[in-house]
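Before any comments, here is the structure.
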Amino acid sequence: MNTRTSPARKEVAAQPAEIVHEFGPFDGDGSVAGVSHDGRNVWAAVGTRLLAIDPASGETVRVLERPGDAGTAFDGTHLYQIAESRIDRIDPATGQVLHTIPAPGEGRDSGMAWAEGSLWVGEYRERRIHQIDPETGKILRSIESDRFVTGVTWVDDELWHGVWEGDESELRRIDPADGAVLERLRMPEGIGVSGLEADDDGLFWCGGGGGGRLRAVRRPARATA
């Protein structure tokens with residue numbers, strides 16, 4: 001009997017990540033979990049608070065008293081924050097929770113991003129990224145990864161996620177169709193990535209987990225026509 005196997009994927013060589021800014025630690029519980037960007041400020045979840053941080057100076061310019069222990073996202077109007085086993089939709093002007101849906105990992109969730117009218121949520125140890133309906137929490141589809149998934153972001157139609165296992169951490173661009181790794185940026189040894197978000201100035205913003213740091217990593221340049 002003949003059996004068919006999928007062709008082995010060629011491993012993509014990792015390039016060193018270029019850290020251009022490092023801020024923190026910040027007032028909170030000593031960790032930076034979720035990270036997002038609203039077009040002006042970087043938002044970071046630090047335990048019981050959401051901080052809006054000036055990306056030029058690293059200064060905290062606003063504080064919302066909202067819990068957050070994993071991913072943060074921004075849809076152009078609202079913030080979304082994972083807190084335990086739920087996702088809160090938050091008015092960034094007031095901090096009021098406007099809507100709540102169940103998180104797909106039921107408390108085992110990691111990063112979160114907004115793209116294509118959906119939330120994209122990492123499930124850390126299950127090595128998955130779920131596309132979910134922001135109104136109901138229904139899982140629309142799931143993408144498998146070959147490593148633990150931390151932060152998640154979409155930028156310029158590219159899906160990136162953080163990887164953090166032991167003392168090794170990377171930013172990875174993957175194929176949203178099948179999860180194949182297309183590009184890897186390796187963080188220096190001992191520096192991890194929790195939350196992840198891209199801005200419009202060619203940077204990734206990376207939470208540093210329990211180290212309480214927020215770091216900006218330069219995004220790879222793309223050739224233009």
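The values are calculated or read from the model by the stated rules, or taken from the named source; none is laboratory data. Nothing here was measured: the structure is a model prediction, and the numbers come from that model. Note that each Cβ is placed from the backbone with ideal geometry, even for glycine, and that neighbours are counted across all protein chains shown. Surface accessibility is based on the protein's heavy atoms, side chains included, excluding ligands, DNA and RNA. Shrake-Rupley method; radii C 1.70, N 1.55, O 1.52, S 1.80 Å.
A quick yes/no check of all residues on (1) farther than 23 Å from residue 46 by Cα; (2) among the charged types (D, E, K, R); (3) touching an Asp or Glu at 6+ places or on another chain (Cβ under 7 Å):
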residue: 144; (1), (2), (3): yes, yes, no
residue: 148; (1), (2), (3): no, no, yes
residue: 152; (1), (2), (3): no, no, no
residue: 157; (1), (2), (3): yes, yes, no
residue: 193; (1), (2), (3): no, no, no
residue: 216; (1), (2), (3): no, no, no
- Query: Any idea which of 44, 83, 56 is without any contact (Cβ under 8 Å) to a residue 40 or more places away in the chain and surrounded by 14 or more Cβ atoms within 10 Å (Cβ to Cβ)?
  - Reply: 83
- Failed condition for residue 141, given (1) charged (D, E, K, R); (2) outside any strand (DSSP E or B); (3) without any contact (Cβ under 8 Å) to a residue 24 or more places away in the chain: (2)
- Options 144, 135; residue that is open to solvent by 70 Å² or more (accessible area, probe 1.4 Å), farther than 23 Å from residue 203 by Cα and at pLDDT below 95: 144
- Name, by its number, the condition in (1) over 26 Å from residue 201 (Cα atoms); (2) among the polar types (S, T, N, Q); (3) part of a strand (DSSP E or B) that does not hold for residue 110. (1)
